[in-house]
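Peer 1: This is the structure, below, for whatever I ask next.
Computed from the coordinates by the stated procedures, all read-outs in this text should not be read as laboratory data. Please read all numbers here as calculations on a predicted model, not as lab measurements. Cβ placement follows ideal geometry from the backbone for every residue including glycine, while neighbour counts extend to all protein chains displayed.
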Amino acid sequence: MVYENSSKQSHLIVMILVVLYFFCASSVSAAQTYKIGGIFSVTGPASFLGDPEKKSMEMAVETINKNGGIDGRLLEAVIYDTEGDPTKAVMAVSKLINKDKVIAIIGPSLTPTSLAIIPFAEKEGIPLISCAAGIKITQPVKPWVFKTAQSDVLAVAAVYQSMKNQNIRKIGILSVSNAFGESGKQQLQDQADQFGIKIVRAETFGAKDTDMTPQLAKIRKEEPDAIICWGTNPGPAVVTKNIQQLNIKVPLYQSHGVASPKFIELAGSAAEGIYLPTGKILVADLLPSMDPQKEVLMHYTKAFETKYQMTVSGFGGYAYDAIHILAKALEGSNGEREKIRTALEQMQNHVGVSGIFNFSKEDHNGLGPDAFVMVRIKNGTWELLK
Amino acid sequence: MSSKLLRKTASYGIFWIAVAAAGMSIDNSYYLQVLTFIGIHSILALGLNMLMGYAGQISLGHAAFYGLGAYTTAIMTVHYDLSPWLALPCAICLVILVAFIVGLPTLKLSGYYLGMGTLGFGMIVHIIFREWTSVTGGASGYVGIPPLELGAFSFSSSRNYFYLVWCTVLISIVLCQRLIDSRIGRALRSIHDSEHASKAVGVNTRNLKLQVFMLSAALAGVAGFLYAHFVSFISPGTFDFIVSIRIVTMVVIGGMASIWGALLGASLLTLLPEWLHAFSDFEMIVYGLILMLVMIILPQGLTRGILDIYERSHKKYFK
Amino acid sequence: MQEALQYVFSGITNGAIYAAIAVGFSLLYNSTELINFAHGEFVMLGALILVTLWNIFKLPLPLAFFITVFTVSGMGLLFERLAIRTVSKPHPIVLVIITVGASIFFRGIGMLLWGKDSYSVPSFSDHAPITIFGASLLPQSLWILVIVGISVCALHFFFKKTLTGKAMQACAINKRAARLSGIHSEKMVLLAFFLSTGMGAVAGIIIAPITMCSYNMGTMLGLKGFCAAMLGGLGSLWGSLIGGFLLGIVEALGVGFFSSSLKDAIAFLLLLLILYMRPGGIMRVKEVKRF
């Protein structure tokens, strides 16, 4: 009761401020900048995704502004942290739309947080470019929702293709028990028949587990030709170490969720010989110079590493691509949402960090199988597989 | 007596006017949404407050009931295509049933063992939400829960939902208040002070504790129902152990055994992260510090001090 | 057979870690009737400080070990002084919420100091895994068992044979009577915090080489340790040990013979059953205080 009254007052004050702001701002500053919202899991268990995404978005906005902005208008990034919590993501999206009055939103970093905010973005009719991997985000296609992260469908296809080339028939799966692992496991099971691969055992591990030897011992009993681990750091690094300790000799495949130099650092010598699918970012310097993505990749890597003094991973690239795609769509749109949406949907041949994007009415992810390459870890670094 | 009743009615009246005024004056749906979440959290805190503040029993697994309410309505409305208004009583009944089955053995425990028992139950339910993929949608969550509608009237706008949630809060408050003022309320407080003594004077402590546990679970189930139809997406992460702890924190920070305290605690814990955005990487440190400081300075909770004075003057007046 | 033995080895290793954490909970509960929800965060600090001292400053391992334990214990002391003792009317649940606040605070500190990335450290010794009947046992597991064994024996000796230890036990049994016989109970509480957080740091140090260390590793470990302490009987040293090993082995066998996705559910189900049958844990300690 006490609270309600004071909140009413404070809201009244806020209301007055908002009204004042509109009177002052509508003619002057609103015309000069495009406000873009960012929602990332900057802290919490998925901070390895959200942190580089936030940094990449800030960096890209800075660069665009330095080059004169878009149609003479500067960009302004408003970024909120979800901590990976869907409720916080919903609050953040509403704050961005109603309070900050952004014209488009980039993020969130995770599949559950993305799925949570999609109904709000759809209802408000605001372009949303998600940075999460889950296929459910853009299938079925929702008019206002796009995404730049490669879907796990493509990653699984890349892994299975590589297995087929090596004549691997029986596999064991070890996936993390969160949205990423679950979606990956689903795809692995769905596509197995297509490649003539048999899953002899599928096990899971908790994201915070300290020891996965029981699961591995159980998989070993079935004598698979290879083991696939689908998860994000640090779990897969523990799995890698445990495989070395149990002296399991079959090849180990990891997912694109560990595609960062951090993984090699964590797993140490045990990481030798591991196969994984990754966006081209990790092997940018190994790519032939005729590769269309090479220039973008080298540029992004250099800019990120000099600005933040940390090694680059593919994750920040999702946000980097999203902002550049959005910037292209903004050109000539005058900030009208419907125009931005149409421009996004018609975007063709955008060369980004995660691949070459070709959006269409049926495909709001826009990436093809060439977005992934298979790499092997050798001598503590990546080796490109043909 | 009548003047006491008058005051109570007046306080509800003021509360309702404040809610209505907030609903009418606030145009920005962001603020309405924040207030809606505060309302949902208040229902959770109110329920747990009945259990912790009045019956003196702790529950570290309340998010499980919150989740059960949400998942029941989600599955019934999406999978079986039933009306949400049919799903609501089903959700409440299911939650009460589960609370009965769990409470029967668990409430024999006391103190930290009760805490552990409820925590274990909460963890098991959370794992079921996460692993029973074919029914609950698994870790990625459950999408497409329909918005609430009553005939032609839709609750899909933030303002209408805000009214719906706060009406529910008001009903819950009246319900809890009436219970506290009744004979049951006095028996409950006697359990809180000494279980053995209340047993000795003929209070059936076991049944009473179980009933309060069921009531508090039912309120959590209603909160889950409201959450599911508001956000239209649910995932196991929203109902995990951390959330249970957060509900307990709301109750204790606001002040145990105080209805308005539950409201205040829920408001503070919902708003605090929104205010602390500016601290970015320091947010966790500041949040932790504020929690600690509030408890160190006001161990009775935020409202308790104020309410003590209020109730004392009340009593004097009454006598 | 080979698999079963492997499950048991894994269970024992994890169990020893849970036991070390559970002992920390029990030690503190004994003298203060307080459950420290920030205990997992002290485990995290132990692991991360070791990473810094051993991997980055290249101190010799024994030195890094002791500096880490004393630094974390020192933080435990500060925590008691600044946050626990300052509460005027300590109701148990109020203290619990303070420790919840502290756990968020310490996690924030950890995130600022060590960043959001994980770290890994090598094993304490550079031996190959030992193979017994086809199951591999890590040298690090032996280190863990030995260190937990030594710590628990040392604590047992401390409580049974030294005057300070006996004084602490007296405080745990009856605070007022202990004070009347001239025991400075506040000092004993301080000592309990010192030992408990020190045990947390030890758990963090021994777990560092087998897993990855990051600022948010503590919560789950703390929760498991709390479970183990309850399972064995809160406040009992040997109970914590039994509870820890039981929890670890049940988890590993649950993965092996049932399902890895339900392993936590199996562990918690067992916990509930034990609590229903023996309220008070396996060692059945005196009834704990109500809220």
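Peer 1: Per residue of C:248-261, what is the mean number of Cβ atoms on other protein chains within 10 angstrom of that residue's Cβ? Can you show the working numbers first?
Peer 2: Values: counts 1, 0, 0, 4, 5, 1, 1, 12, 5, 2, 0, 4, 15, 15.
Partner-chain Cβ atoms within 10 Å, mean over residues of C:248-261: 5.
Peer 1: Ok, one more. About the Cα centre of region C:19-108, what is the dipole size in debye to 20, counting +1 per Lys and Arg Cβ and -1 per Asp and Glu Cβ, all else neutral? Please report the intermediate quantities before stating the final value.
Peer 2: Numbers: 5 positive and 3 negative charges, 32 e Å.
Roughly 160 debye, rounded to the nearest 20.
Peer 1: Just going by the charge dipole of the protein assembly as shown, with Lys and Arg at +1 and Asp and Glu at -1 on Cβ, which of C:Ser261, A:His350, C:Val189 is farthest out on the positive end?
Peer 2: C:Val189
Peer 1: Hey, another quick one. For the pair B:Glu274 and C:Thr164, what calculated FRET efficiency results from E = 1/(1 + (r/R0)^6), where r is the Cβ-Cβ distance and R0 = 45 Å, to the nearest 0.05?
Peer 2: The value I calculate is 0.40.
Peer 1: Here's something else I'd like to know. When only C-alpha pairs under 8 Å and at least 6 residues apart count, what is the relative contact order of chain A, in percent?
Peer 2: Values: 748 pairs, mean separation 60.1, N = 386.
Over chain A, the number comes to 16 percent.
Peer 1: Can you tell me the FRET efficiency between A:Asn67 and C:Met277 if r is taken as the Cβ-Cβ distance and R0 is 45 Å, rounded to the nearest 0.05?
Peer 2: The calculated FRET efficiency here is 0.05.
Peer 1: Cα-based count: Lys pairs in region C:2-277 below 23 Å, eight or more positions apart or different chains?
Peer 2: For region C:2-277, the number of qualifying lysine pairs is 12.
Peer 1: May I ask which residue of B:Pro147, B:Leu114, B:Leu60 lies farthest towards the positive end of the charge dipole of region B:2-318, with charges of +1 (Lys, Arg) and -1 (Asp, Glu) on Cβ and the Cα centre as origin?
Peer 2: Farthest along the dipole direction, towards plus: B:Leu114.
Peer 1: Beta carbons within 10 angstrom, averaged per residue: use that to sort the peptides A:223-229, C:42-48, highest first.
Peer 2: The peptides rank, most packed first, as C:42-48, A:223-229.
Peer 1: Within a 10 angstrom radius of the beta carbon, how do B:Asp240, B:Asp193 rank from fewest other beta carbons to most?
Peer 2: Result, fewest neighbours first: B:Asp193, B:Asp240.
Peer 1: Take the eigenvalues of the Cα gyration tensor for region A:152-278, scale each by 5, and report the square roots as semi-axes in whole Å, largest first. Provide the component values of the computation, followed by the final result.
Peer 2: On the way: eigenvalues 76, 49, 41 Å².
Square roots of five times the eigenvalues give 20, 16, 14 Å.
Peer 1: Another question, if that's okay. Give the lysines reachable from A:Lys99 as a straight Cα distance under 26 Å; neighbours fewer than 8 places away on the same chain don't count.
Peer 2: List returned: A:Lys8, A:Lys35, A:Lys54, A:Lys55, A:Lys88, A:Lys123, A:Lys142, A:Lys147, A:Lys328, A:Lys339.
Peer 1: Here's another thing I want to ask about it. Would you kindly compute the Cα radius of gyration of region C:79-164 and its largest Cα-Cα separation (Dmax), both in Å?
Peer 2: Every Cα atom of region C:79-164 included, Rg and Dmax give 20.3, 59 Å.
Peer 1: Take B:Phe100 and C:Glu3, extend 7 Å from each Cα along the Cα→Cβ direction, and tell me the distance between the two endpoints in nm.
Peer 2: 4.2 nm
Peer 1: A further question on this structure: Going by average Cβ neighbours within 10 Å, how do the peptides A:294-301, B:163-170 rank, with the highest at the top? Spell out each step's value before the answer.
Peer 2: Working: A:294-301: 18.1, B:163-170: 19.9.
Order by mean packing, descending: B:163-170, A:294-301.
Peer 1: Using a 10 Å cut-off on Cβ to Cβ distances, tally the other chain neighbours for every residue of B:248-254 and report the average as a whole number.
Peer 2: Neighbouring Cβ atoms belonging to other protein chains average 3 per residue here.
Peer 1: Give the dimensionless ratio obtained when the Cα radius of gyration of region B:2-318 is divided by 2.2 N^0.38 Å.
Peer 2: 0.99
Peer 1: What is the distance, in nm, between label points placed 7 Å from the Cα along the Cα-to-Cβ direction at A:Lys164 and at A:Lys221?
Peer 2: Taking the two extended label points, one gets 3.2 nm.
Peer 1: Across peptide A:95-105, what mean number of C-beta atoms from other chains lies inside 10 Å of a residue's C-beta?
Peer 2: Values: counts 8, 1, 3, 8, 4, 1, 0, 0, 0, 0, 0.
Counting other chains' Cβ atoms within 10 Å and averaging over A:95-105 gives 2.
Peer 1: Restricting to DSSP loop positions (anything but H, G, I, E, B) with no more than 13 other Cβ atoms inside 10 Å of their own Cβ, which chymotrypsin sites (Phe, Trp or Tyr not before Pro) remain in region C:53-115?
Peer 2: Answer in residue order: C:Phe57.
Peer 1: Please label the shape of region C:191-271 as rounded, prolate or oblate, based on the square roots a ≥ b ≥ c of the eigenvalues of the alpha-carbon gyration tensor (a/c under 1.5 means rounded; beyond that, a/b larger than b/c means prolate, else oblate).
Peer 2: oblate
Peer 1: Counting every Cα pair in chain A, what percent are over 37 Å apart?
Peer 2: 24 percent
Peer 1: List the pair-distance distribution P(r) of the protein assembly as shown, using every Cα-Cα distance, as the percent of pairs falling in each 20 Å bin from 0 up to the bin containing the longest distance, rounded to whole percents.
Peer 2: Taking every Cα pair in the protein assembly as shown, the percentages come to 13, 45, 35, 7, 0.
Peer 1: Hey, got the Cα dimensions of region C:1-69 along the principal axes, in Å, largest first?
Peer 2: So the three principal-axis extents are 43, 38, 17 Å.
Peer 1: Under 8 Å for C-alpha pairs, at least 6 residues apart: give me the relative contact order for chain C, rounded to a whole percent.
Peer 2: 39 percent
Peer 1: Write down, largest first, the equivalent ellipsoid semi-axes of region A:299-386 in whole Å, where each equals the square root of 5 times an eigenvalue of the alpha-carbon gyration tensor.
Peer 2: Taking √(5λ) for each eigenvalue gives 30, 18, 8 Å, largest first.
Peer 1: Still on this model: So for the pair C:Ala177, B:Val174, with labels modelled 7 Å out along Cα→Cβ, what separation do we get in nm?
Peer 2: Each label point lies 7 Å from its Cα, and together they span 5.5 nm.
Peer 1: Right, next: When the gyration tensor of chain C is built from Cα positions, what are the square roots of 5 times its three eigenvalues, in whole Å, from largest to smallest? Can you show the working numbers first?
Peer 2: Working: eigenvalues 176, 110, 66 Å².
The equivalent ellipsoid of chain C has semi-axes of 30, 23, 18 Å.
Peer 1: Run the dipole for region B:2-318 about the Cα centre, Lys and Arg Cβ at +1, Asp and Glu Cβ at -1, nothing else charged, and hand back the magnitude in debye, nearest 20.
Peer 2: It works out to roughly 1340 debye.
Peer 1: Continuing with the same structure: Taking N as the number of residues in region B:62-109, what value does Rg over Cα atoms divided by 2.2 N^0.38 Å take?
Peer 2: This ratio for region B:62-109 stands at 1.27.
Peer 1: Another question about this same structure. Going by average Cβ neighbours within 10 Å, how do the peptides C:241-252, C:173-184, C:134-145 rank, with the highest at the top?
Peer 2: C:241-252, C:134-145, C:173-184
Peer 1: With a 10 Å Cβ neighbour count serving as the proxy for reagent exposure, in which order, fewest first, do A:Val42, C:Val23, B:Val135 appear?
Peer 2: Lowest to highest Cβ neighbour count: B:Val135, A:Val42, C:Val23.
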